[in-house]
Amino acid sequence: MRAAPAVDGAIAGAVGSAALNVVSYLDIALRGRPASSTPEQTAGKLADAAHVDLGPGEKAANRRSGLGPIIGYGTGIAAGALFGILAARRRVPLPLAVGVLGGGVMATSDGSLAALRISDPRTWSAKDWVSDVLPHLAYGAAAAATWWRLRPPSRRG
């Protein structure tokens, strides 16, 4: 297997992650809502599960604050790389790529929240779902468009 599709997918995933963050921060700015604490909670739960001491009080909080977004970017980049490997020799229509990428990252992040008992998506309001779907749709659109730019149909298969 050649590494180029995975690398191109990872690049697409990074672009998608940036788009997800921009849309999330726009939502925060427009609605005046607080930032989500779930990335930091996820970092804390994962550190606990791995028996990693993040330090005392404020240092631990700062580390969780830094690790949360890194986990998010890691998820987005890994999803893009996986998509790149799976789509390397296929003609995935752009709308399908948007759905697969955005939906896959959303399922991964929301599933993680549920598995770690940070949040239960079954209890979310319609507004909560919109706040979750739109950034993930932006992820999917940006990642898929980047994939298509880096790997046009003439370079596949």
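The values are calculated or read from the model by the stated rules, or taken from the named source; none is laboratory data. This structure is a prediction, so every number in the text was calculated from the model and none was measured. In this analysis, Cβ positions are derived from the backbone assuming ideal geometry, glycine residues included, and neighbour counts consider all displayed protein chains. Quick note on the areas: whole protein, heavy atoms, side chains included, nothing else; ligands and nucleic acids left out. Shrake-Rupley method; radii C 1.70, N 1.55, O 1.52, S 1.80 Å.
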For the stretch 32-71 and the stretch 85-109, what is the centre-to-centre distance using only Cα atoms, to the nearest Å?
28
Contact order relative to length for the chain, counting C-alpha pairs under 8 Å separated by 6 or more residues, stands in percent at 42
So how do HIS51, HIS136 rank on accessible area, 1.4 Å probe, biggest first, that is with the largest at the start?
HIS51, HIS136
Per the Cauchy relation, a quarter of the hull surface: what is the mean projected area of the convex hull of the alpha carbons in the chain, in nm²?
10.4
Which residue, GLY140, GLY55, GLY84, tops the fluctuation ranking in a GNM of the chain built on C-alpha contacts under 10 Å?
GLY55
Principal-axis tilt of helix 126-150 within the chain, Cα atoms, nearest 10 degrees
40
Evaluated at 20 °C and 1.002 mPa s, the Stokes-Einstein D of the stretch 7-82 based on the Kirkwood radius over Cα pairs, in µm²/s, stands at 159
Exposed-loop cut sites defined as trypsin sites (Lys or Arg not before Pro) in DSSP loop states with at most 15 other Cβ within 10 angstrom; longest site-free run of the chain spans 3-88
At q = 0.10, 0.15, 0.16, 0.24 Å⁻¹, what is the log10 ratio I(q)/I(0) for the stretch 77-157, with the Debye formula run over Cα points and no solvent?
-0.28, -0.57, -0.63, -1.08
Relative contact order of the stretch 86-157, defined on C-alpha pairs under 8 angstrom at six or more residues apart (%)
56
